[in-house]
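The values are calculated or read from the model by the stated rules, or taken from the named source; none is laboratory data. In this text, all values refer to a predicted model and were calculated from it rather than measured experimentally. Here the Cβ positions follow ideal geometry from the backbone for every residue, glycine too, while neighbour counts run over all protein chains shown. For accessibility, only protein heavy atoms count, side chains too; no ligands or nucleic acids. Shrake-Rupley method; radii C 1.70, N 1.55, O 1.52, S 1.80 Å.
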Amino acid sequence: MPPHLVFSDSARNMIAAHPVCRPAAWLFCRVIDNYGDIGVAWRLACRLAEAGFQVALWHDHPPSLAALLGGQPLPPDIRVHAWQGDNAAGLAGEAAAAVPALVVETFGCDLPEAVLAHVRRSGALWLNWEYLSAEDWAEAMHGKPSLQADGTDKYFWLMGFSAESGGLLRENAYAERRQAFLQDAAAQTAVRTALGLPETPPAACRWLFFGYDSPVWAEWLAAWQAWGQAAEWWLAGHQIADSLRRSGAVPEHALRQAGDVWQAGTVRLVRVDFVPQSEFDKVLWLADGVTVRGEDSFVRAQLAGKPLLWHIYPQAEMAHADKLHAFWQKMYARSAGAAWQAPHQQLSDELNGIHGLSEEQCIAAWSALLNRLPEWRQGTAAWQQHLLAQADAVSRLLQRWPLVRQAT
């Protein structure tokens, strides 16, 4: 069993005043999706630093992390190193500075042998921080040991949406930051200006779209036009704009750059630029609803309490369908039988390639969903409160294994 130590109030104050006393956490990440893997790893690094750890993060794709940081300097209690093959740069220096109390391999990446040697010598808690899932098997596997051939214990950490899971990554002051932003008109205007968003008619429905390439976007645009209400689509990144041009829904010259605007009937399309991870919550808080992809943005949309659809990362043989449906069933249970759930399920399945819709069915589903937006908002707010009432993932980790570094 890993060493058990205690974070008392006095110890927390000492750690804050003397960073050298902070326990060390080592994180490792290989980037498969451009931002998904490193996005979770970086948020975990920041949350561990907030919890009192000195964090070292090794990863193999500097451009992705640079985009997430957006030019912001590294926090003083997080150090970042390159990782290629078995070469984990800076490992000797990190080991000399502090024996790790916690070693995390994100998403099953294989650790270099030199790191494993430190795990064996130090008795550090070794976690495999896995992908988020609402499936029953994930809750059953969470926290279970995986005995290695040499007798070393590794434990599975599976984030999720219930008390039995590994929880979600959420910083301590999240709710307070959100409330402060929603009460600050100047801060909201500053975000809109930074994104290049024009003035929006008061009655317009503002929706953030962040997804993968798909022909579904043209179908959905036609459905929103048929709905007939003023709306604004914020298109994050290039994939959705590319899909719309490819389908002929917008001209070839439209939506090429951040800040470009195209009016498509009642729907105004605005191409928005990539924002640093630290600013993404503000974009979510401004929107009336969101369509997001990946894991980190998916979680942040839920914490924001926004009506949402999830463009889940597609897997071979439609393996993502079970994961998708398991999540929605948990969320639907918080507002069982609500009228918005049937059209929502139809559109979610179409978005993720599970079941197609005819043009008429798509229009009917979106009209039914948007006309029930207040009810949909109530359902997602109930889910938000369910999540915010739970301890976050790092708090659960410290409750299960109260880690501190022994004095040396």
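Selection of the range 149-163 for residues being open to solvent by 50 Å² or more (accessible area, probe 1.4 Å) and either touching a strand residue (DSSP E or B) at 6+ places or on another chain (Cβ under 6 Å) or modelled with pLDDT of 95 or more (or both) yields only D153. Only a single item in (1) in contact (Cβ under 8 Å) with a residue 40 or more places away in the chain; (2) exposed (fewer than 15 other Cβ atoms within 10 Å of the Cβ) is not met by A180, and it is number (1).
Criterion applied to L324, L309 was being assigned to a helix (DSSP H, G or I) and either under 21 Å from the mean Cα position of the chain (by Cα) or modelled with pLDDT of 95 or more (or both), and the one residue passing it is L324.
Go through L235, L221 for me and flag whichever is in contact with a helix residue (DSSP H, G or I) (Cβ under 6 Å, 6 or more places away or on another chain), hydrophobic (A, V, I, L, M, F, W, C), assigned by the TED database to the domain that holds L269 and on the phi < 0 side of the Ramachandran plot. Explain how you work it out, then say what you get.
Numbers: L221 fails: in contact with a helix residue (DSSP H, G or I) (Cβ under 6 Å, 6 or more places away or on another chain).
It is L235.
Scanning the range 190-216 for residues that are among the acidic types (D, E) and not in a loop (DSSP other than H, G, I, E, B) yields a count of 0. Of everything in the range 265-280 that is assigned to a helix (DSSP H, G or I) and within 16 Å of G237 (Cα to Cα), the residue that is most open to solvent (accessible area, probe 1.4 Å) is E279. Per this entry, S335 is counted among residues that are farther than 30 Å from A101 by Cα, more than 22 Å from the chain's Cα centre (by Cα), of a type in the set (S, T, Y) and not assigned by the TED database to the domain that holds D136.
Scan the range 301-311 residue by residue and report those that are open to solvent by less than 10 Å² (accessible area, probe 1.4 Å) and touching a strand residue (DSSP E or B) at 6+ places or on another chain (Cβ under 8 Å). Matches in the range 301-311: A301, Q302, A304, P307, L308, L309.
Every residue, every condition in (1) open to solvent by less than 60 Å² (accessible area, probe 1.4 Å); (2) farther than 24 Å from R43 by Cα; (3) in contact (Cβ under 8 Å) with a residue 60 or more places away in the chain; (4) of a type in the set (S, T, N, Q), yes or no:
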| residue | (1), (2), (3), (4) |
| --- | --- |
| H142 | yes, no, no, no |
| S165 | yes, no, no, yes |
| L195 | yes, no, yes, no |
| G211 | yes, no, yes, no |
| Q225 | no, yes, no, yes |
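In the range 253-264, of all residues being touching a Lys or Arg at 6+ places or on another chain (Cβ under 6 Å) and open to solvent by 30 Å² or more (accessible area, probe 1.4 Å), the one that is nearest to A190 (Cα to Cα) corresponds to A258. Within the range 110-122, the residues that satisfy the criterion of being open to solvent by less than 30 Å² (accessible area, probe 1.4 Å) and part of a loop (DSSP other than H, G, I, E, B) are L111, P112. Among the residues making up the range 68-95, those that are in contact (Cβ under 8 Å) with a residue 40 or more places away in the chain and part of a loop (DSSP other than H, G, I, E, B) are G70, G71, Q72, P76, D77.
Of all residues in the range 227-244, those satisfying the criterion of being surrounded by fewer than 19 Cβ atoms within 10 Å (Cβ to Cβ) and of a type in the set (G, A, S) are G228, A230.
When Q361, Q384 are checked against the criterion of being assigned by the TED database to the domain that holds Q315 and closer than 30 Å to R177 by Cβ, a single residue qualifies: Q384. Listed conditions (1) over 30 Å from W129 (Cβ atoms); (2) touching a Leu at 6+ places or on another chain (Cβ under 7 Å); (3) small (G, A, S) are all met by A393, apart from (1). Of the set (1) surrounded by fewer than 22 Cβ atoms within 10 Å (Cβ to Cβ); (2) assigned to a strand (DSSP E or B), all apply to T291 but (1). Applying the criterion of being among the small types (G, A, S) and open to solvent by less than 20 Å² (accessible area, probe 1.4 Å) to the residues of the range 37-72, the residue that is nearest to C109 (Cα to Cα) is A41.
Quick check: anything in the range 217-233 over 30 Å from G356 (Cα atoms) and assigned to a loop (DSSP other than H, G, I, E, B)? Within the range 217-233, not a single residue is over 30 Å from G356 (Cα atoms) and assigned to a loop (DSSP other than H, G, I, E, B).
Within the range 326-341, residues that are in contact (Cβ under 8 Å) with a residue 60 or more places away in the chain have Cβ atoms under 8 Å from residues that are in a helix (DSSP H, G or I) and surrounded by fewer than 18 Cβ atoms within 10 Å (Cβ to Cβ) in these pairs: A326/D136, counting only partners at least 6 apart in sequence or on another chain.
Just a yes or no: is a residue in the range 96-109 in contact with a Ser or Thr (Cβ under 9 Å, 6 or more places away or on another chain), among the aliphatic types (A, V, I, L, M), part of a loop (DSSP other than H, G, I, E, B) and in contact (Cβ under 8 Å) with a residue 60 or more places away in the chain? The answer is yes, given that some residue of the range 96-109 is in contact with a Ser or Thr (Cβ under 9 Å, 6 or more places away or on another chain), among the aliphatic types (A, V, I, L, M), part of a loop (DSSP other than H, G, I, E, B) and in contact (Cβ under 8 Å) with a residue 60 or more places away in the chain. Just a yes or no: is a residue in the range 342-357 hydrophobic (A, V, I, L, M, F, W, C) and either at pLDDT below 95 or more than 28 Å from A319 (Cβ to Cβ) (or both)? Among the residues of the range 342-357, not one is hydrophobic (A, V, I, L, M, F, W, C) and either at pLDDT below 95 or more than 28 Å from A319 (Cβ to Cβ) (or both), which makes the answer no.
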